[in-house]
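Heads up: the structure comes next, in structure tokens.
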Amino acid sequence: MLRKCIGDPSRITPMEDVHITEDLTYEEVPIAILDRQVKKLRNKEVASVKVLWRNQQVKEVTWEAEEAMKSKYPHLFQSEEKGQSVELMRDLVR
């Protein structure tokens, strides 16, 4: 049985904010690092960061490997190196 789909206006992303390529894909761009965690495995520690992506809501953040994010998006980590804490980033998002 099919039912009528009623859209949620809060989930609509303006088209001018999304840059779609010719093959109909787009690249998500991170805008802030919200948190950091280190998971201990048997022989090593793995650092992860909680990333807020452009065109996504705060509840849809993802955990990504810190080293991969640092190599691909170093500008996100420059504010931490200058002495600003992750707490400031959290306040900006709220």
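Before moving on, here are some points about what is shown:
- Residue check: residue 44 meets all listed conditions (1) at pLDDT 90 or above; (2) basic (Lys, Arg); (3) closer than 23 Å to residue 11 by Cβ but one, namely (3).
Conditions tested, residue by residue: (1) touching a residue at least 24 places away in the same chain (Cβ under 8 Å); (2) of a type in the set (A, V, I, L, M).
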position	(1), (2)
2	no, yes
6	no, yes
21	no, no
32	yes, yes
41	no, yes
67	no, no
72	no, no
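- Residue, nearest to residue 72 (Cα to Cα), within region 30-57, restricted to residues that are of a type in the set (Lys, Arg) and in a strand (DSSP E or B): 50
- Residue that is surrounded by 10 or more Cβ atoms within 10 Å (Cβ to Cβ) and modelled with pLDDT of 85 or more, where the choices are 93, 18, 61: 61
The values are calculated or read from the model by the stated rules, or taken from the named source; none is laboratory data. Predicted, not measured: the structure shown is a model, and the values here were computed from it. Note that each Cβ is placed from the backbone with ideal geometry, even for glycine, and that neighbours are counted across all protein chains shown.
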